[in-house]
Amino acid sequence: MARPAKLATYRAKRDFDLTAEPSGDAPAKPHAGHGYVIQKHAASRLHYDFRLELDGVLLSWSVPKGPSLAPTERRLAVRTEDHPLDYADFEGIIPAGQYGGGTVVVWDRGTWEPEGDAQAAMAKGRLTFTLHGDKLRGRWHLVRTKAQGKQEAWLLFKGRDAAADDELDIVADQPASVISGRTIDEVAADTEHRVWQSNRAEKPGKPVAKRAAPAKTPPANGEAAASSDVATLLAQLPLGFPLTSLDKILYPGQGLTKAQLLGYLAVAADRMLPHVAGRPLTLVRCPRGQGKPCFFQKHLGSGTPKPVHELAIAGEDEPYMVVHDMPGIVALAQMGSLEIHTWGSRLPDFAGADLPPAGSDAERRRGSIEHPDVLVFDLDPDVGLAWDRVALAAFDLRKRLAARGLESFVKTTGGKGLHVCVPITPAGDWGEIKAWTKAFAEELEGDDPKAYTSNMAKTARKDRIFIDYLRNGRNATFIAPYSPRARPGAPVSTPITWEELAAGIDPAGFDILTVPARIGALADPWLRYPSTHQPLPRSKKGKR
């Protein structure tokens, strides 16, 4: 592939009038041997970009934890787009709002020597090489795993030689740049220049850009909710029902109040509605707060705020609860709900932007309640299983789903697992959907029984990940995107991009205080989800 074509993805993701990253238009500089660079990158999550020069570009991997000198440490390395050779000298600040926005330093650089034919080794998925760097030396391996998809997952690890060290944490011991001597915090603190080192001159007449100011957060975020003005802020919301007991502590470990929960849901409502509106709900209500007795509720009760409506479903003795707007979502918190779970189907009237009037016949229509529009695979790891294993499993599912022509989306659960979600055309019934997801989970288990189990028993998931397909049955539910959890710390089930997962995102960083700032600063990571309609293909067993 010609060099310009190799850089097409790199260029498409960046606006070079806004970022000082090299465009790759300049002729590639010749190197003595093969150059390599490792850049420490504080974007949405701190990670290390490992880049090897080959065929006129820098092959690139995102390594969440960075390299380890211990041969027994296998570090997840997710393949990203090829970069231009002059990117090896880039160090500075990528403006907020740009792809990879954050601070970059050149953590290590030098040359590398492949063992044998590098191109053939890349094609086979097993590359062995020697590094001659300022920090890293000796023999190394990159091995592609089964979890590939659009972004291939590899493992980076050290060979056993004189440069190996089972004790030294090289990334913690030597944090500074090898070209400027600065740490990533020192570069980030510079308010005058966004670039410390770059081979690209500034455009004539164009001033060096200042570091971008942090994006503004909606007013009802965690900080606002924690202030004495929270009652005033909440009073401005067009709810149609009173808010009570605002100072009640719902998360005692953090001292978080009902007002803070209400404020969070008011901010998150726009992002939640495409995934919650018109769906039968099941709530986890904790009137006395997290850690106190809680209970499930799926039917409308007395005293329920008016924005929470009833939904009659054939075969059910009592109507379910349903909401269709921001007041409805906030009303759930007024009821003391710390978790919002939904069915995998919805009223057809709620599928578009035009929502039916509250209480109308159209609102009560059953429609496609019997035809799910999403598949959900809950990756539930055994206790103590490393987060990297869960991330690799999610990429494995993504690859397998893509092979069937299905685009998938990923979110944290507010716990130790991940949800891989697949929006589908609501054509099949519950029996077909559950059979398809069961066959898919059993295929995973059959292909790699040491990594996966489709058996929900705790004893069956020893050192494995339970692929929970049972979320796809009638009356079964799953935690809604952006829903808080009834767990210490007020964690939130948060949609993320596959790129964020590859960069080593920390699910513990998402809670009712931090997610509003994320919503205000970042584009919707699931922006394409509502418009993604995919027919369910046949399973390998010949069923849909």
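The values are calculated or read from the model by the stated rules, or taken from the named source; none is laboratory data. Keep in mind it's a predicted model, so treat the numbers as computed, not measured. Surface areas here come from the heavy atoms of the whole protein model, side chains and all, with no ligands, DNA or RNA. Shrake-Rupley method; radii C 1.70, N 1.55, O 1.52, S 1.80 Å.
Overview of values
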{"quantity": "Long-range HN-HN contacts of L250 with modeled amide H, under 5 Å", "calculated": "L256, T257, K258"}
{"quantity": "Inverse mean reciprocal Cα-Cα distance (Kirkwood Rh) of segment 7-87, Å", "calculated": "13.8"}
{"quantity": "Calculated diffusion of segment 298-349, Stokes-Einstein form, Kirkwood radius summed over Cα pairs, 25 °C and 0.890 mPa s, µm²/s", "calculated": "209"}
{"quantity": "Area accessible to solvent at W387, 1.4 Å probe radius, in Å²", "calculated": "60"}
{"quantity": "Heavy-atom accessible area order for T232, T72, T130, largest first, 1.4 Å probe", "calculated": "T72, T232, T130"}
{"quantity": "Cα principal axis extents for segment 407-527, largest first, Å", "calculated": "41, 37, 28"}
{"quantity": "Under Karplus coefficients 6.51, -1.76 and 1.60, residue-wise ³J(HN,Hα) of segment 331-346 in Hz, glycine/proline x", "calculated": "4, 4, 6, 4, 7, x, 7, 9, 9, 10, 10, 10, 6, x, 9, 8"}
{"quantity": "Convex hull of segment 245-333 built on C-alpha atoms - directionally averaged projected area, nm²", "calculated": "6.2"}
{"quantity": "Amide H within-cut-off set for V410, under 5 Å, with H built and near neighbours excluded", "calculated": "C421, I496"}
{"quantity": "From phi via Karplus (6.51, -1.76, 1.60), per-residue ³J(HN,Hα) for segment 118-134 in Hz, x at Gly/Pro", "calculated": "5, 4, 5, 5, 4, 4, 7, x, 8, 10, 10, 7, 10, 9, 10, x, 5"}
{"quantity": "Per-residue HN-Hα couplings for segment 375-380 [Karplus 6.51, -1.76, 1.60; θ = phi - 60°; Hz; x = Gly/Pro]", "calculated": "9, 10, 10, 8, 8, 10"}
{"quantity": "P(r) histogram, all alpha-carbon pairs of segment 49-162 included - 5 Å bins from 0, percent", "calculated": "2, 11, 20, 27, 21, 12, 6, 1, 0"}
{"quantity": "For G102, residues with placed amide H under 5 Å, excluding near neighbours", "calculated": "I94"}
